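Worksheet: the structure to be examined is printed underneath.
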Amino acid sequence: MGSVFWHSLFLCYNQNMEEYANIYYFRIISRIGGTEQFLYEMAKKYHKYDLTILYDECDLDQLLRLSKLVRCIRRKPGVIYHAEKAFYNFNIEAINQIEAKEHIFVCHAVYQELQFEPPIDHPKITKLLGVSKYAEERIKLQEQVQNVYKPVVQCYNPLTLEKPDKVLRIISACRLEDKTKGGVRTTKLIEALDKYCEKTGKHYLWAIFTNSLKTQITSPNVAIMKPRIDVRPYIADSDWLVQVSNDMETYCYSMNEALVYGTRVVRTPLSVAKELKIPKQAELVLDWDCANADEIAEKMFEPAQDFSYKPPKDGWDKLLVKKPSTYTYQKKEVFIKALRPYYDIELKSNVSPWDKPWEVSIERAKELYKKGLIRML
């Protein structure tokens with residue numbers, strides 16, 4: 001009877017006690033962060049050892065990638081975790097639930113800069129670890145501030161790099177708010193690309209230079225950029241230019257620019273394309289109704305083939321009157337008006353929206369406009 005009682009008591013106790021070799025406690029594992037990357041690097045390199053990550057809160061994507069490699073446990077109240085070694089940084093809320101032969105505080109930061117006093121004075125912590133020589137020096141200074149003197153060791157963070165996939169670089173330069181420029185098609189192609197990347201683990205980044213910065217596009221793979229007149233370097237640096245307008249393009253500068261630079265194009269069945277004589281390996285054609293969007297998304301990731309392209313020769317040399325130019329550049333003056341009160345260093349006085357417009361060079365106007373101080377009239 002007595003043995004049954006003690007066995008039942010042991011089982012009850014054992015349910016609230018868990019044993020591990022190494023426990024690393026981090027209170028909140030965020031979406032991004034240096035410590036988060038450290039935990040993943042530890043998991044990648046040392047998952048063959050018994051390593052447990054104990055947390056209070058964890059981002060789902062972080063949890064997914066970590067748990068594929070090491071044990072990840074959400075801390076439960078009342079549970080005692082036994083380990084041979086326990087590691088902490090920043091937070092030690094779990095320390096009274098962890099029984100370990102050794103409790104080590106890891107210095108990942110310059111705490112003086114963070115205006116944070118690390119809990120290195122806790123009696124359970126027997127050793128401090130600096131992730132670099134600099135970190136080791138700073139934690140020793142911190143010891144002096146807190147009047148704590150415990151052994152400090154230095155150990156660099158692990159880093160293992162896998163061969164990265166190429167990020168497919170896509171560009172569009174268009175008035176996205178203009179219905180004729182294919183905003184709906186753009187969205188459908190983005191959805192197809194996102195779906196394909198989620199399935200395959202591929203990556204892309206689509207920069208859309210447009211007047212309309214307020215869009216319904218929420219893909220993490222798309223960057224909505226402010227319009228600019230020097231967009232050609234971005235076109236030349238891309239793998240694809242997407243131009244999915246209605247059949248209203250009669251020349252399409254962005255397509256011609258891209259093709260001359262050796263950048264392939266995704267286009268709709270534009271009538272003018274027949275005149276441009278685009279090499280087959282330099283283009284993909286998206287149906288008007290986007291029925292083939294999934295197919296296009298997949299083909300965009302296929303290896304590029306070399307091509308050459310020459311735009312149609314212009315005939316303006318036969319249209320212009322060939323008289324010599326009499327123009328000499330002079331700095332152009334424009335009228336501006338203040339949007340808010342500020343001190344103008346050129347005028348050497350305060351200006352406000354209630355002042356009359358005044359004249360400045362276009363270069364000065366551009367400088368003030370970028371700072372949000374004026375509007376041009």
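The values are calculated or read from the model by the stated rules, or taken from the named source; none is laboratory data. What you see is a predicted model; the values in this text were computed from it and never measured. Every residue, glycine as well, gets a Cβ built from its backbone with ideal geometry; the counts of neighbours run over all protein chains shown. For the accessible areas, the whole protein counts, side chains as well, though only heavy atoms, and no ligand, DNA or RNA atoms are used. Shrake-Rupley method; radii C 1.70, N 1.55, O 1.52, S 1.80 Å.
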In segment 192-248, anything under 16 Å from Thr263 (Cα atoms) and among the basic types (Lys, Arg) is listed as Arg232
So, first residue more than 12 Å from Asn246 (Cβ to Cβ) in segment 172-189, second residue at pLDDT below 85 and open to solvent by less than 50 Å² (accessible area, probe 1.4 Å), Cβ within less than 8 Å, six or more apart or across chains; the pairs are Arg175/Ser212; Leu176/Ser212; Leu176/Thr215; Glu177/Ser212; Thr186/Leu176
When segment 258-296 is checked residue by residue, the ones that are open to solvent by 30 Å² or more (accessible area, probe 1.4 Å) and either of a type in the set (S, T, N, Q) or under 15 Å from Asp239 (Cβ atoms) (or both) are Tyr261, Gly262, Ser271, Gln281, Glu283
When (1) at pLDDT below 95; (2) not in a loop (DSSP other than H, G, I, E, B) are applied to Arg228, the one that fails is (2)
Problem set entry | Verdict on Pro220 being assigned to a loop (DSSP other than H, G, I, E, B), of a type outside the set (Asp, Glu), open to solvent by 50 Å² or more (accessible area, probe 1.4 Å) and without any contact (Cβ under 8 Å) to a residue 24 or more places away in the chain | yes
Review point. Can you find a residue in segment 223-235 that is of a type outside the set (A, V, I, L, M) and closer than 19 Å to Leu189 by Cα?
Key: no
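Conditions (1) among the aromatic types (Phe, Trp, Tyr); (2) open to solvent by less than 20 Å² (accessible area, probe 1.4 Å); (3) touching a Phe, Trp or Tyr at 6+ places or on another chain (Cβ under 7 Å); (4) at pLDDT 95 or above, marked per residue:
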residue: Gly33; (1), (2), (3), (4): no, no, no, no
residue: Lys48; (1), (2), (3), (4): no, no, no, yes
residue: Ser67; (1), (2), (3), (4): no, no, no, yes
residue: Lys101; (1), (2), (3), (4): no, no, no, yes
residue: Ile104; (1), (2), (3), (4): no, yes, yes, yes
residue: Pro118; (1), (2), (3), (4): no, yes, yes, no
residue: Gln142; (1), (2), (3), (4): no, yes, yes, no
The correct count of residues that are surrounded by 14 or more Cβ atoms within 10 Å (Cβ to Cβ) and without any contact (Cβ under 8 Å) to a residue 40 or more places away in the chain in segment 368-377 is 5
Counting only residues in segment 190-217 that are free of Cβ contacts under 8 Å to residues at least 60 places away in the same chain and among the small types (Gly, Ala, Ser), the one farthest from Val244 (Cα to Cα) is identified as Gly201
